[in-house]
Amino acid sequence: MTQTDDRDRAHPFPHSDEDAARADLMPDTTQTRAPAYRLAFTDRDFLLREELRPVRLQLELLKPQLVMDERGIESTVVMFGGARIPAPEQADQARTRTLASLSKYYEEARIFARKMTERSMKTYGREYVICTGGGPGVMEAGNMGADEAGGHSIGLGIVLPHEQAPNKYVTPDLCFNFHYFAVRKMHFLMRACAITVFPGGFGTLDELFETLTLIQTKRMKAIPILLFGREFWEGIINWQALADAGTISDADLDLVHFVETADEALAIIDNWKPDEC
């Protein structure tokens, strides 16, 4: 993140980092060692207090927003999908036969991201930027495809109980780490112009259904939601049963589009009309 040049600042007061540096040079006394004396914005213990949660929420929303604004990113293409989906060459190591068979979607995710990033580069990387959760599996495939095209891509990571480093294909200065799932999901959708959803588990389902709910309730404009793998999705969710029961309307079934290949997904995005849903 770039800092505003002093000449462009609208006030004459010292910059916060200047005072932080001065505070480090204070004489070592009983008073200066006391927690109360620390500058509030450099006091980690203070910032992590329970009462500061609203401030932390705001900071976590603001930091990626500022970075992406400074990079000129206007729209993203989001790729949700399972962290456990193996690359085709590693399919024989998958825990189940089904998981091994889903490795074909790793390849489709890579191809889709590469082709979409080639389009993004025509806008100087401002539009159609690939955005994943930054982890392994389908997320890795998406960032890999963008890297193969020579473009940049976003990774929105999350701190989890088990160690999970970002995959090596995420553009480093667009690789973010979140504490709050809710804020992370907001950043997935804030710039999204299309969403692809590959086979996955609870996390993928959570992201999919939150998006569908926002569109269904008109809290978000309709954008293409492309589900890769009809057999998988219809095997785990009886979409028609929801409509038959009356818990969703028949029109809600049109919010999702099933595809099998990257080219099918690209064709739907290319022919998308905002009033289709």
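Residues that are hydrophobic (A, V, I, L, M, F, W, C) and more than 38 Å from the chain's Cα centre (by Cα) are absent from region 39-60.
Only residues that are within 14 Å of the chain's Cα centre (by Cα) and closer than 16 Å to Val138 by Cα were counted across region 73-96, and they come to 7. Do we find a residue being touching a residue at least 12 places away in the same chain (Cβ under 8 Å) and touching a strand residue (DSSP E or B) at 6+ places or on another chain (Cβ under 8 Å) anywhere in region 81-103? Within region 81-103, one or more residues are touching a residue at least 12 places away in the same chain (Cβ under 8 Å) and touching a strand residue (DSSP E or B) at 6+ places or on another chain (Cβ under 8 Å). Hey, does region 51-64 have a residue that's within 30 Å of Ile223 (Cα to Cα), among the polar types (S, T, N, Q) and part of a loop (DSSP other than H, G, I, E, B)? For region 51-64, residues within 30 Å of Ile223 (Cα to Cα), among the polar types (S, T, N, Q) and part of a loop (DSSP other than H, G, I, E, B): absent. Filtering region 193-209 to residues that are farther than 15 Å from Val256 by Cβ and either touching a Cys at 6+ places or on another chain (Cβ under 7 Å) or among the hydrophobic types (A, V, I, L, M, F, W, C) (or both) leaves Cys193, Phe202. Looking at Ala109, is it free of Cβ contacts under 8 Å to residues at least 60 places away in the same chain and among the aliphatic types (A, V, I, L, M)? No: the conditions fail for Ala109. If the condition is being within 23 Å of Ala20 (Cα to Cα) and of a type in the set (Phe, Trp, Tyr), then region 39-94 contributes Phe41, Phe46. Just one of the listed residues (Leu255, Leu226, Leu266) is buried (at least 17 other Cβ atoms within 10 Å of the Cβ), in contact with a Ser or Thr (Cβ under 7 Å, 6 or more places away or on another chain) and touching a residue at least 12 places away in the same chain (Cβ under 8 Å), and it is Leu226. Summed over region 225-275, residues that are farther than 15 Å from Thr213 by Cα, of a type in the set (S, T, N, Q) and either part of a helix (DSSP H, G or I) or in contact with a helix residue (DSSP H, G or I) (Cβ under 8 Å, 6 or more places away or on another chain) (or both) total 2.
Scanning region 9-38 for residues that are farther than 23 Å from Leu59 by Cα, assigned to a loop (DSSP other than H, G, I, E, B) and either within 37 Å of the chain's Cα centre (by Cα) or of a type outside the set (S, T, N, Q) (or both) yields Pro12, Leu25, Met26, Pro27, Asp28, Arg33, Ala34.
Looking at this structure, is Ser101 surrounded by 14 or more Cβ atoms within 10 Å (Cβ to Cβ), over 22 Å from the mean Cα position of the chain (by Cα) and among the hydroxyl-bearing types (Ser, Thr, Tyr)? It is true that Ser101 is surrounded by 14 or more Cβ atoms within 10 Å (Cβ to Cβ), over 22 Å from the mean Cα position of the chain (by Cα) and among the hydroxyl-bearing types (Ser, Thr, Tyr). The set of residues in region 135-188 that are over 26 Å from Gly72 (Cβ atoms), surrounded by 21 or more Cβ atoms within 10 Å (Cβ to Cβ) and more than 14 Å from the chain's Cα centre (by Cα) contains only Gly137. One residue stands out in region 121-130 among those that are in contact (Cβ under 8 Å) with a residue 40 or more places away in the chain and touching a Gly at 6+ places or on another chain (Cβ under 8 Å): the one that is surrounded by the most Cβ atoms within 10 Å (Cβ to Cβ), namely Ile130. Selection of region 166-186 for residues being touching a Ser or Thr at 6+ places or on another chain (Cβ under 9 Å) and assigned to a helix (DSSP H, G or I) yields Leu174, Lys185. In region 209-223, the residue that is surrounded by the fewest Cβ atoms within 10 Å (Cβ to Cβ) out of those that are assigned to a helix (DSSP H, G or I) and either in contact (Cβ under 8 Å) with a residue 24 or more places away in the chain or among the hydroxyl-bearing types (Ser, Thr, Tyr) (or both) is Thr213.
Rule-based calculations on the coordinates, nothing more; no lab input. Please read all numbers here as calculations on a predicted model, not as lab measurements. Neighbour counts run over all protein chains shown; Cβ positions are idealised from the backbone, glycine included.
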